[in-house]
Amino acid sequence: MKFSYDLLFGLPDEKIALFCLLGAQRMEGIYDKFCKKYLDGVNANSDALRELFELLEGGGKSRLELIYNRVYSAIPDTEDYDDELADQAQCAIISTSYCISYLVEKNREMARFAVEKIFDAIDVLGEDVGMFIAAEVSWCEELINDLSAADLSDNAFVECLVVRNLGHSIPVV
């Protein structure tokens with residue numbers, strides 16, 4: 001099963017941005033586990049995602065650049081760690097960095113890269129990834145359908161979507 005970027009790119013920019021952030025949010029637990037194991041619990045990704053959701057309504061480019069710099073500096077070098085958790089954590093925070101790039105540039109390739117990192121994080125799981133990929137593609141298609149009909153000024157809808165999204169977190173190794 002493969003994800004259709006045509007469906008995603010049929011959405012307006014602000015909905016693509018929310019879709020990408022929701023994807024990065026689904027990987028938040030991965031980076032959190034990595035931080036607890038290796039970084040004394042300091043989680044730059046979680047803080048960045050919280051700020052990015054707040055900035056969806058129109059954050060300044062300079063603030064986005066500051067967040068990007070914090071996120072980029074927190075990307076783990078997988079050569080420094082000897083486990084697959086670091087590989088997944090790298091995918092998670094790189095996805096966040098691509099989300100930020102999309103918010104700044106509105107370059108759809110950045111959105112594509114952000115989504116691809118979700119599937120890369122799933123690939124790290126090794127066995128039985130087909131079932132996880134199928135579930136992710138199905139959820140992504142459901143999100144796109146919900147977003148296509150949504151009014152993003154409806155805060156209750158967006159909050160409900162964020163909560164539902166958390167039920168589809170990417171499994172951690």
Next item on the list: First select every other residue whose beta carbon is under 13 angstrom from the beta carbon of Ala111; then total the charges, Lys and Arg +1, Asp and Glu -1.
Entry: -1
Check: In what sequence, highest mean first, do 139-148, 4-13 appear when ranked by Cβ atoms within 10 angstrom?
Finding: 139-148, 4-13
Checklist line | Potential lengthening between Glu127 and Ser169 on full extension [0.36 nm per residue; Cα-Cα distance subtracted] | finding: 13.3 nm
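If packing is taken as the average number of other Cβ atoms within 10 Å across a peptide's residues, how do 21-32, 67-78 rank, most packed first?
On the way: 21-32: 24.1, 67-78: 16.8.
Highest-to-lowest ranking by the protection proxy: 21-32, 67-78.
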Checklist line | Estimated inter-spin distance, Asn155 and Asp83, nm [label 7 Å along Cα→Cβ] | finding: 4.0 nm
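Show me the helices of the chain, taken as full DSSP H stretches, that run 24 Å or more along their long axis by Cα and average -0.5 or above in Kyte-Doolittle hydropathy. It would help to have the intermediate numbers written out before the result.
On the way: long enough: 84-105 (31 Å, 0.57); 129-148 (28 Å, 0.77).
Those that clear 24 Å and a mean of -0.5 are 84-105, 129-148.
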Margin query: Net charge around Phe157, counting only other residues with Cβ within less than 13 Å of its Cβ (Lys, Arg = +1; Asp, Glu = -1)?
Written below: -2
Item checked: Charge-dipole axis of the range 132-173 as Lys and Arg at +1 and Asp and Glu at -1 on Cβ define it, positive-most pick from Leu143, Ile133, Ala156 -> Ile133
Notebook entry, point to check: Percent relative contact order of the chain, based on C-alpha pairs within less than 8 angstrom and at least six residues apart?
Noted result: 34 percent
Check: Pairs Lys15/Lys36; Lys15/Lys106; Lys2/Lys33: which are spaced more than 21 Å apart, C-alpha to C-alpha?
Finding: Lys15/Lys36; Lys2/Lys33
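No value in this document is a laboratory result; all are computed from the given coordinates. Computed from a predicted model, the values in this text were never measured in an experiment. Every residue, glycine as well, gets a Cβ built from its backbone with ideal geometry; the counts of neighbours run over all protein chains shown.
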